[in-house]
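The structure under discussion appears below in the form of structure tokens.
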Amino acid sequence: MGCCFSKRRNSEKESQPEGEEERRKQYSWDQREKVDPKDYMFSGLKSETVGRLPGTVAGQQFLIQDCENCNIYIFDHSATITIDDCTNCIIFLGPVKGSVFFRNCRDCKCALACQQFRVRDCRKLEVFLCCATQPIIESSTNIKFGCFQWYYPELAFQFKDAGLSIFNNNWSNIHDFTPVSGELNWSLLPENAVVHHHVPLPTTKELQAVRISTEANRSIVPVTQGQRQKSSDESCLVVLFAGDYTIANAMKLIDEMIHAGFFLIQTKEVSMKPEDAQRVFQEKAPEFLNLLNKGPIIALEFNGDGVVEECQIVVNKIFGETKTFVSENRETASRDVENFYNFADIQMGI
């Protein structure tokens, strides 16, 4: 049984100009440029140097699979990257918003930055890593880690686009899901390892257009000691509060302290609540409470004999009246460092 309204709609439909209904049904997502998965994949390559220039991946997923004796460079940020069944390859990956997952790879050398890093069923990898969370290996052996160090002009913006902080790098805090009693499936590369000796710069004319530096003092990500043995029993915690030049100030302080012969152990960028400040700053907490709502804080741990006194001198010289927390003395510094990392690791889910 029909009705007059349905008849009216049918008659209106019949009276529409040809093609009008098709135009009406188009949505905004129909206007987007179609993505060809082949543009975001390297597959089945042998003895080639290939890559993607800045701006050519722009946050898409990427797949690298079945490549052998290849040099692969992704100079852009991406969503996730999976590397499957690759052998004897050199791989550089710009910032990855999500995960980088190596599966069934052998004899590869890599430099990469990501939110999550996982290796499964792999053998003999060398990885210069920046990872926001705890790196994970599973059913893998002879995996060696170093701290990411790399620079090209677009890299800082790509970290921001990928939602990664250059100060949150857990490159050496490895979790092995499948440990073997009496064996160590992973280790740290030598402290003096030179990144471009392991991951050489590209040689093709197209990729050489990217202005790369692998010098530690130019690295976008601060080069840290991580879980290596500390050279001294004395460490110092410095906390910088959010402001217009916080990142620049942190990098300046790092340069000054490294030049003075001290070691950068770890860095963190985290948000802090008043109750967190009480736990970390103890009796000094009231001085900093009104600064916490301005944004995340940046914390730096330096190590070396006399480091507390030198930190105080350098901070006063660089920052002047800018509010900064610095450990007061050697006795309280150990407590400051422990309290901060207990808070930060919980905050970051590590």
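The values are calculated or read from the model by the stated rules, or taken from the named source; none is laboratory data. This structure is a prediction, so every number in the text was calculated from the model and none was measured. Cβ placement follows ideal geometry from the backbone for every residue including glycine, while neighbour counts extend to all protein chains displayed.
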* Being modelled with pLDDT of 95 or more, hydrophobic (A, V, I, L, M, F, W, C), surrounded by 13 or more Cβ atoms within 10 Å (Cβ to Cβ) and within 18 Å of W150 (Cβ to Cβ), is that true of even one residue in the range 227-236? -> no
* Asked: Residue check: is V239 more than 22 Å from the chain's Cα centre (by Cα) and closer than 14 Å to S327 by Cα?
  -> no
* Does the range 41-60 hold any residues that are more than 14 Å from T80 (Cα to Cα), aliphatic (A, V, I, L, M) and surrounded by fewer than 18 Cβ atoms within 10 Å (Cβ to Cβ), and which are they? -> V50, L53
* Asked: Does V315 count as surrounded by 19 or more Cβ atoms within 10 Å (Cβ to Cβ), in contact with a Ser or Thr (Cβ under 7 Å, 6 or more places away or on another chain), assigned to a helix (DSSP H, G or I) and among the aliphatic types (A, V, I, L, M)?
  -> yes
* Structure fact -> Of all strands (runs of 3 or more DSSP E) fully inside the range 44-117, the set with 1 or more residues that are assigned by TED's automatic domain parsing to the domain that holds E138 and within 23 Å of V194 (Cα to Cα) is 49-52, 71-74, 90-103
* To do: Could you figure out which of (1) free of Cβ contacts under 8 Å to residues at least 24 places away in the same chain; (2) within 25 Å of I166 (Cα to Cα) isn't true of E331?
  => (2)
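Would you mind stating whether K294 is over 21 Å from N342 (Cα atoms), among the basic types (K, R), under 24 Å from the mean Cα position of the chain (by Cα) and in the same structural domain as F343 (by TED's automatic domain parsing)?
Working: over 21 Å from N342 (Cα atoms): yes; among the basic types (K, R): yes; under 24 Å from the mean Cα position of the chain (by Cα): yes; in the same structural domain as F343 (by TED's automatic domain parsing): yes.
Judged against the criteria, K294 is a match.
Among the listed residues C86, C70, which satisfies the condition of being in contact with a Cys (Cβ under 9 Å, 6 or more places away or on another chain), surrounded by 24 or more Cβ atoms within 10 Å (Cβ to Cβ) and either touching a residue at least 12 places away in the same chain (Cβ under 8 Å) or not acidic (D, E) (or both)?
Testing whether each residue is in contact with a Cys (Cβ under 9 Å, 6 or more places away or on another chain), surrounded by 24 or more Cβ atoms within 10 Å (Cβ to Cβ) and either touching a residue at least 12 places away in the same chain (Cβ under 8 Å) or not acidic (D, E) (or both) leaves just C86.
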* Flag if I64 is crowded, with 20+ Cβ neighbours inside 10 Å, of a type in the set (V, I, T) and over 15 Å from the mean Cα position of the chain (by Cα) -> yes
* Asked: Applying the selection to the range 252-264, what residues are surrounded by fewer than 19 Cβ atoms within 10 Å (Cβ to Cβ) and closer than 13 Å to F319 by Cβ?
  -> K252, E256
* Considering only the range 225-257, state which residues are over 13 Å from F302 (Cβ atoms) and in contact with a Cys (Cβ under 7 Å, 6 or more places away or on another chain). => G226
* Asked: For the range 129-155, what are the residues that are assigned to a strand (DSSP E or B), surrounded by fewer than 17 Cβ atoms within 10 Å (Cβ to Cβ) and not polar (S, T, N, Q)?
  -> E138
* Which of (1) in contact (Cβ under 8 Å) with a residue 60 or more places away in the chain; (2) within 25 Å of the chain's Cα centre (by Cα) is the odd one out, the single condition V314 does not satisfy? -> (2)
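Residue by residue, here is whether (1) surrounded by 23 or more Cβ atoms within 10 Å (Cβ to Cβ); (2) hydroxyl-bearing (S, T, Y); (3) touching a residue at least 60 places away in the same chain (Cβ under 8 Å); (4) out of contact with any strand residue (DSSP E or B) (no Cβ under 7 Å at 6 or more places or on another chain) holds:
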position	(1), (2), (3), (4)
G94	yes, no, yes, no
K97	no, no, yes, no
F101	no, no, no, no
R120	no, no, no, no
R123	no, no, no, no
V127	yes, no, no, no
* Asked: Could you count how many residues in the range 178-200 are over 12 Å from I90 (Cβ atoms) and assigned to a loop (DSSP other than H, G, I, E, B)?
  -> 14
* Looking at the range 156-172, which of its residues are outside any loop (DSSP other than H, G, I, E, B) and buried (at least 23 other Cβ atoms within 10 Å of the Cβ)? -> Q158
